[in-house]
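Q: Got a structure here, written out as C-alpha cells. Questions coming.
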Amino acid sequence: MSDLEKKVKQFIDRHKLIQKGSSVLVGVSGGPDSLALLYFLNKHKEMYDITLTVAHVDHMLRGKQSFEELLYVKNICKDWDIPFEGVQVNVNEISKESSSSIEVIAREVRYDFFQSVMKKRNISTLALGHHGDDQIETILMRLTRGSELKAAAGIQVKRPFATGTIIRPFLCVTKSEIEDYIKMNNLIPVYDHTNEEDIYTRNRYRNHILPFLKSENKNVHIHFQQFSEQMLEDEFFLMDLAKKTYNKVVSKEKNGDLTLNLIEFRKAPFPLQRRCIQLILNYLYNGELPKDLTSIHIDSIFELIDKTKPSGQIDLPQNLKVYRSYDLCVFTFHVQTKKPYFLNWDKGKTLELPNGRQLFMKEGSVPDDIGQNIFILDENTEFPLYVRTRKNGDRIRIKGVGTKKIKSLFIDLKIPHNERDVWPIVTDQEDNILWVPGLRKSIYEASDFTTGEKVILQYK
Ligand SMILES: Nc1ncnc2c1ncn2[C@@H]1O[C@H](COP(=O)(O)OP(=O)(O)OP(=O)(O)O)[C@@H](O)[C@H]1O
C-alpha cells in the first residue's frame, strides 16, 4: 500500500466510513480528486467487500468539452468494469429562472441526481472526493463570510444523506498527495482550468492563503481536520441539549407563531440560549436563513429579551417580527391587527374574533366547571350583546374588588401589548363591561346557577 492508501485506510477505519457488504456510489467529475478516489475504492473493493457505481453530472457549462468529460468518465468505468450513471443538465437555463447562483444550482442538481441513482439502485453510501485542502478553504471561507458554528466547523467526514450516508475518505490527505498518487498510478484526469482562476472566491483562498499556511506548517490540513471533527462533535452535543431546552421553552401557536417563555429560557446556559434562538429562526425560515439576517439581528433579539423595559418589538428580515411582553416573546410573520372593532352579538350566534379565537353562545344547564372562559348571563340581560376592543378609561366592576381599570387588568395579568388592542370585551347595551373573556368576569354574571336553563357564553 502507498502512503496515501495507508492514511486513507486508517481514516476510513477510524470513522467507520465503509460497511462491509455495502454498495457505494462514487461521484466522479473526472478531476484528479474523484478519479483518485474511484481508483482507490476500486483497487480495494475486495478488502472492503463493496460494490461500486459511478455517477457523473454534466452541468453543460463548458459546451462540447463538458460532454466529452462525461464520455471520458463513462469510458474509464467501462475499462474498470464499473456501472456508470450520467446525466446532462443545463444549469445555465435553470439559473435564469432562479435567484440562486450557478454554483448553488449545480450543487443542487448534482445531489438530486446522486439521490435518484441511490434510490434506483438501492445504494446506501455516497463517496465524494473532498480532501484536506478543501477543508481548510471551506473553514476559512465560512469564517470570513460569517456563518453559524456548524457550517464554520467545515465539511463533515460522514453525514446522513437521503436514506443513506455521504462519506469523504480523502479529507485526511492533501491535494498534492492526491496529485502524487495520480502520477504514481498513471491516471489521467481532466483538468478544469477555471479551478485556477482568481474570479472564484474559493480559488483566491487556494491560490493566496493556502501556500502561506502550508509554508508555516506542511501538516496544517491535519490540524484543520482535527479542529473540524472536534468542533462538530461539540456542536452536535450542544445542539442535542439545545433541542431539549427548545422543547421546554418554546410553544407553537395554532397560527404558526412561536412563543418563547423567557422565565424558563433564562434558566438555560447562554450557549444553549443562543442555539435555541437559532432553532427558532431555522424553524420559522424553513431551514433557509435569509442572507440579510446578520449577527446584529441576533444581538438585537437578546437585547429585547434582556432589556429592563418589560416590552418592545424588533423587525427581522422577511417581515418576521419579535414582540416582547413581560416574560413572553412572540416570533410572528402575522401582521398584528390593531384596528378597533365593534360587533353585535345576537342570541345563539358564534363570533369569529380578529385575534383568531371564537365566542359561542348557547342555552343549557350550567356546566360544573366554569372558569374565566365561560360566562353565565343574567336572565334580564337584553340582546344583542356587544363585543368590542378596549377604550380609554374602560373599567370593570368585580365582585369584592370594586371597579378596576381594564388597562391595569391587562398589566396585572401580563397580557402582551400586541394582544391588548384586539382583546374582546363583552358589554351589555348600556356599555357595562360584563366580561373580559379568558381574564375576568364582572358582578353582572348571574348569581344563581341552580334554576332552569341559562344562556352560556364561551370563549375558545
Ligand atoms: N460533475 C460532477 N459529477 C459527479 N460528481 C461530482 C461532480 N462535481 C463534483 N463531484 C463530486 O463532488 C466532489 C467535490 O466537488 P468539488 O467541485 O468541490 O471538487 P472538484 O474540484 O470538482 O473535484 P475533482 O477533482 O474530483 O473534480 C468531487 O470530488 C466529486 O466527488
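Q: Just give me the residues in the stretch 415-460 being over 12 Å from residue 378 (Cα atoms) and of a type in the set (A, V, I, L, M), in sequence order.
A: Once the filter is applied, which keeps residues that are over 12 Å from residue 378 (Cα atoms) and of a type in the set (A, V, I, L, M), the stretch 415-460 yields 415, 422, 425, 426, 433, 436, 439.
Q: Does the stretch 151-167 contain at least one residue that is over 28 Å from residue 62 (Cα atoms), more than 12 Å from the ligand (Cβ to nearest atom), at pLDDT below 95 and in a helix (DSSP H, G or I)?
A: For the stretch 151-167, residues over 28 Å from residue 62 (Cα atoms), more than 12 Å from the ligand (Cβ to nearest atom), at pLDDT below 95 and in a helix (DSSP H, G or I): present.
Q: Just checking, how many residues over the stretch 244-262 are exposed (fewer than 11 other Cβ atoms within 10 Å of the Cβ) and touching a helix residue (DSSP H, G or I) at 6+ places or on another chain (Cβ under 9 Å)?
A: Result for the stretch 244-262: 1.
Q: Ok, one more. Within the stretch 409-446, count every residue that is more than 23 Å from residue 321 (Cβ to Cβ) and without any contact (Cβ under 8 Å) to a residue 12 or more places away in the chain.
A: Adding up the residues that qualify gives 2.
Q: Is it the case that the stretch 92-113 has a residue that's surrounded by fewer than 17 Cβ atoms within 10 Å (Cβ to Cβ), within 13 Å of the ligand (Cβ to nearest atom) and over 24 Å from the mean Cα position of the chain (by Cα)?
A: no
Q: So, one more: For the stretch 67-84, name all the residues that are within 11 Å of the ligand (Cβ to nearest atom) and closer than 17 Å to residue 106 by Cα.
A: Hits for the stretch 67-84 are 69, 70.
Q: Taking into account only those residues within the stretch 20-39 that are more than 8 Å from the ligand (Cβ to nearest atom) and either among the hydroxyl-bearing types (Ser, Thr, Tyr) or within 14 Å of residue 167 (Cα to Cα) (or both), which is surrounded by the fewest Cβ atoms within 10 Å (Cβ to Cβ)?
A: Applying the filter and picking the extreme gives 22.
Q: Go through the stretch 118-128 and report how many residues are within 27 Å of the chain's Cα centre (by Cα) and either within 14 Å of the ligand (Cβ to nearest atom) or surrounded by 20 or more Cβ atoms within 10 Å (Cβ to Cβ) (or both). Quick ask: steps written out before the conclusion?
A: Restricting attention to the stretch 118-128, the residues satisfying the condition of being within 27 Å of the chain's Cα centre (by Cα) are 118-119, 124-128.
If we keep only those that are either within 14 Å of the ligand (Cβ to nearest atom) or surrounded by 20 or more Cβ atoms within 10 Å (Cβ to Cβ) (or both) as well, we get 118, 125-128.
Here the count works out to 5.
Q: If we keep just the residues of the stretch 199-243 that are within 16 Å of the ligand (Cβ to nearest atom) and surrounded by fewer than 17 Cβ atoms within 10 Å (Cβ to Cβ), which is modelled with the lowest pLDDT?
A: If we take residues in the stretch 199-243 being within 16 Å of the ligand (Cβ to nearest atom) and surrounded by fewer than 17 Cβ atoms within 10 Å (Cβ to Cβ), then 199 is modelled with the lowest pLDDT.
Q: Looking at the stretch 346-388 only, could you name the residues that are under 43 Å from the mean Cα position of the chain (by Cα) and assigned to a strand (DSSP E or B)? Can you show your working first?
A: We begin by selecting, within the stretch 346-388, every residue under 43 Å from the mean Cα position of the chain (by Cα); these are 349-361, 369-375, 387-388.
351, 352, 358, 359, 360, 361, 374, 375, 387, 388, listed by residue number.
Q: Right, something else. Considering the stretch 196-213 alone, what residues qualify as being without any contact (Cβ under 8 Å) to a residue 24 or more places away in the chain and part of a helix (DSSP H, G or I)?
A: 196, 203, 204, 207, 208, 211, 212, listed by residue number.
Q: Which condition number does residue 143 fail, the rest of (1) touching a residue at least 40 places away in the same chain (Cβ under 8 Å); (2) more than 13 Å from the ligand (Cβ to nearest atom); (3) assigned to a helix (DSSP H, G or I) being met?
A: (1)
Q: Now for a separate question. Within the stretch 69-116, can you find the residues that are under 16 Å from residue 35 (Cβ atoms) and touching a residue at least 12 places away in the same chain (Cβ under 8 Å)?
A: 69, 70, 72, 73, 74, 76, 77, 80, 82, 84, 86
Q: Pick out the one residue from 222, 182 that is outside any strand (DSSP E or B) and touching a Cys at 6+ places or on another chain (Cβ under 9 Å).
A: On the way: 182 fails: touching a Cys at 6+ places or on another chain (Cβ under 9 Å).
Going through 222, 182 in turn, the sole match is 222.
Q: Answer yes or no: is there a residue in the stretch 59-66 that is within 12 Å of the ligand (Cβ to nearest atom) and not in a loop (DSSP other than H, G, I, E, B).
A: Narrowing the stretch 59-66 to residues within 12 Å of the ligand (Cβ to nearest atom): 59-62, 66.
Filter once more, keeping what is not in a loop (DSSP other than H, G, I, E, B): 66.
For the stretch 59-66, residues within 12 Å of the ligand (Cβ to nearest atom) and not in a loop (DSSP other than H, G, I, E, B): present.
The values are calculated or read from the model by the stated rules, or taken from the named source; none is laboratory data. None of the values given here were measured: they were computed from a predicted structure. Heads up, the Cβs are rebuilt from the backbone with ideal geometry, glycines too, and the neighbour counts pull from every protein chain shown.
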